[in-house]
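What follows is a short report on a single structure.
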Amino acid sequence: MNGEMETLADLSKHYRDSVPADLREANSFEWYLEEVYEDPKIARNAHQRVADMFDFYGTRYDEDAGVVEYLMASEDPLHDGENVFYGREVHESIHEFVNKVKSGARGLGPEKRIKLLLGPVGSGKSHFDWLSRRYFEDFTMRDEGRMYTFRWTNLCDIIRDQDPGDNVVYSPMHQDPLVLLPHEQRDIVIEGLNENLQAPYTIRNDQALDPASEFYMDRLLAHYDDDLESVLDNHVEIIRLVASENKRQCIETFEPKDKKNQDETELTGDVNYSKLAVYGESDPRAFDYSGAFCNANRGIFSGEELLKLQREFLYDFLHASQEQTIKPKNNPRIDIDQVIVGRTNMPEYREKKGDEKMEAFNDRTKRIDFPYVLEYEQEAEIYRKMLRNADVPDIHVEPHTLEMSGLFGVLTRITEPDSDTITLVQKAKAYNGELDDGDDIDVRKLREEGEAKADIAEGMDGVSARFIGDEIAEAIMDSTHRGRKYLSPLSSFTHLEENLENHGSIPEENLGRYHRYLEMVREEYKERAIEDVRHALAYDIDEIRRQGEKYMDHVMAYIDDATVEDELTGRDQEPDEKFLRAVEEKLNIPEDRKEDFRQEVSNWVSRRAREGTSFDPQDNDRLRRALERKLWEDKKHNINFSALVSANELDDDERSTWVDALVEQGYSRDGAREVLEFAGAEVAKSELEA
């Protein structure tokens, strides 16, 4: 609101508009029956509601990656994009997770399994789990995700030994009101609901009332001579149920404590000692439904570092997942309905995977690999998001800085290619989508080879985005302290190199290899820096257009086995093979592939002609790059590269012109001077070596 003050009345109205209109209302069971017949989805189970949640916020099919993206993860509409996830592999993992939830919604089996998110540290699995819980909270606040539970009222009027403080008792398991109906009558209702339901699943509910509610129901039915209507009319109120992790309501996160002090009551609940003296030891009213499984009922149970739990402690998860019940110590079983999500890192998974005594638990888990990002430009978006969400100093991030940091991260995560015809950097570029039409690289085969060669899967080890992001942050602060208003790849390389040894999660045996990868990235950056400087120093759009037209004239003559008119003499001549190869060699196109490239460019021109678009070499990226590089070769002998390294040896006006050209490419003026000096030194060195 442009800094305008919000009044208390404004804030109050905003709050009222944000909560369900019936949040504080109490309704009758008859009202609930009418509502649920009108909208049967109100009675969905946890898997069905979570599955619908992912679709509710929108989906998009990424044709390039062949992956369904869920907008809550790819755009994060609730938080203005603050928690966006990047990378094909990550969205594939999210899609796999959702598919398992949707299979569970249909009753195909995964509803009885733990969804185990497996990935290296810093891969984003915990953040995705957190985001799912935030969206579930929001979804249950909306009409499309609404759910209801019940509370017992006026209990002291009928049950003589009822504690006056328990005259009103909320359903301790947040159960759906349909559970109040005996199974035979409930089945009649559910059959009617499914006739009205428009969904890929059917409504099911075979749960029994929790022991405390069963106790109240039995006492009240006995009082009213089994008149169920009187019980529900006089002692049951239907209330809106909204998920809230802070209130431990339909969402629960569970973290393992000290191995020596693990207690199953943290999961299943325990005796309520304050009620023990009132009701007695065997009375179900003296039980405290405060276990994690109890709190998560009707929603999401999230188990952090699940496999760090003792084997005996994990047995509770067997019943919770397969049988969908919990069995507290010295108490009756309790039915539960929840999506159980676990998270674990690689060391714990490897340890438990090899344990034969864990076979039953492993059989009840559905593993979803949550790897690191393997496209370096998508990895760069993670760092860009980090900077967007922080109070970054007034500093300019130079071109290639985040991308080269991302490239280093990706190199540590992918396996070395089996073939000698492709380098590790080329493989990373192929994963990034940097394939020209003439490249003989099968990305699908590369991925299959990588998966087969990796221990578990490609992207499941290496350097995390968290580590690289931390080093970028350090480089930014270091640049600020030095009075530098820009962050360049060179400064980020320095911080990465200096701190590899200091990072606790990087095995010592990998350090030598990672330093070698950094050198690969430096070499890649050198090529890009020279390319940018080449563009600034030798770019001439008119000359590129003229050379492009000449190239096409000679290509068409070559393909048609015809002659071309000489520009100077006007005489017909054979296509200039030397000129054609001079252009093509700038793209490293070998002699035996020249005809493929020429036909490719010819087809491109013909296609544009059919579309009514005139030829412009600027519109063909490969041809433009080749022409720029040839123009550079033609002009570079007139450039004093050694002078670029020293500001004192170069005319200020000329340097200023080149700096301006680099600024147009996204550099700051100081960053442009740095890249001029860096590229000038590299080119001067290569010229001397030549």
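The values are calculated or read from the model by the stated rules, or taken from the named source; none is laboratory data. None of the values given here were measured: they were computed from a predicted structure. In this analysis, Cβ positions are derived from the backbone assuming ideal geometry, glycine residues included, and neighbour counts consider all displayed protein chains. Please note that ligands, DNA and RNA were not included when accessible areas were found on the heavy atoms of the full protein model with its side chains. Shrake-Rupley method; radii C 1.70, N 1.55, O 1.52, S 1.80 Å.
Please indicate, with yes or no, whether at least one residue in region 133-155 is under 30 Å from Lys353 (Cα atoms) and buried (at least 18 other Cβ atoms within 10 Å of the Cβ).
Taking every residue of region 133-155 in turn, at least one turns out to be under 30 Å from Lys353 (Cα atoms) and buried (at least 18 other Cβ atoms within 10 Å of the Cβ).
Which count do you get for residues in region 538-563 that are under 15 Å from Asp619 (Cα atoms) and of a type in the set (Ser, Thr, Tyr)?
Of the residues in region 538-563, 1 are under 15 Å from Asp619 (Cα atoms) and of a type in the set (Ser, Thr, Tyr).
Only one of these is β-branched (Val, Ile, Thr), under 30 Å from Ile422 (Cα atoms), modelled with pLDDT of 85 or more and more than 41 Å from the chain's Cα centre (by Cα): Val564, Val583. Name it.
Val583
Identify the single condition in (1) modelled with pLDDT under 85; (2) exposed (fewer than 15 other Cβ atoms within 10 Å of the Cβ) that Gly612 does not satisfy, given that it satisfies every other one.
(1)
Please work out which residue is surrounded by the most Cβ atoms within 10 Å (Cβ to Cβ), limiting yourself to region 410-430 and to residues that are basic (Lys, Arg) and within 30 Å of Ser479 (Cα to Cα).
Arg413
So in region 484-519, with the set limited to residues that are open to solvent by 60 Å² or more (accessible area, probe 1.4 Å) and of a type in the set (Gly, Ala, Ser), which one is nearest to Val121 (Cα to Cα)?
The extreme case among them is Ser505.
Can you list the helices (runs of 4 or more DSSP H) lying wholly within region 465-561 that have 3 or more residues being over 23 Å from Glu584 (Cβ atoms) and within 30 Å of the chain's Cα centre (by Cα)?
Filter on region 465-561 gives 465-481, 489-499, 511-538.
Identify all residues within region 13-42 that are surrounded by fewer than 11 Cβ atoms within 10 Å (Cβ to Cβ) and modelled with pLDDT under 95; write none if there are none.
Passing the criteria: His14, Tyr15, Arg16, Asp17, Ser18, Ala21, Arg24.
Out of Leu407, Leu435, Leu374, report the one residue that is assigned to a loop (DSSP other than H, G, I, E, B), crowded, with 19+ Cβ neighbours inside 10 Å and on the phi < 0 side of the Ramachandran plot.
Unique residue meeting the criteria: Leu374.
Got a number for residues in region 472-490 being of a type outside the set (A, V, I, L, M) and touching a residue at least 40 places away in the same chain (Cβ under 8 Å)?
Adding up the residues that qualify gives 7.
When the residues of region 159-209 are narrowed to those that are at pLDDT 95 or above and touching a Pro at 6+ places or on another chain (Cβ under 6 Å), which ends up nearest to Ala296 (Cα to Cα)?
Among those residues, the one meeting the criterion is Ile203.
Among Glu229, Glu214, which is open to solvent by 50 Å² or more (accessible area, probe 1.4 Å), at pLDDT 95 or above, in contact with a Pro (Cβ under 9 Å, 6 or more places away or on another chain) and not in a strand (DSSP E or B)?
Result of the check over Glu229, Glu214: Glu214.
Collect the residues in region 266-288 that are assigned to a loop (DSSP other than H, G, I, E, B) and touching a strand residue (DSSP E or B) at 6+ places or on another chain (Cβ under 8 Å), keeping them in residue-number order.
Gly269, Asn272, Glu281
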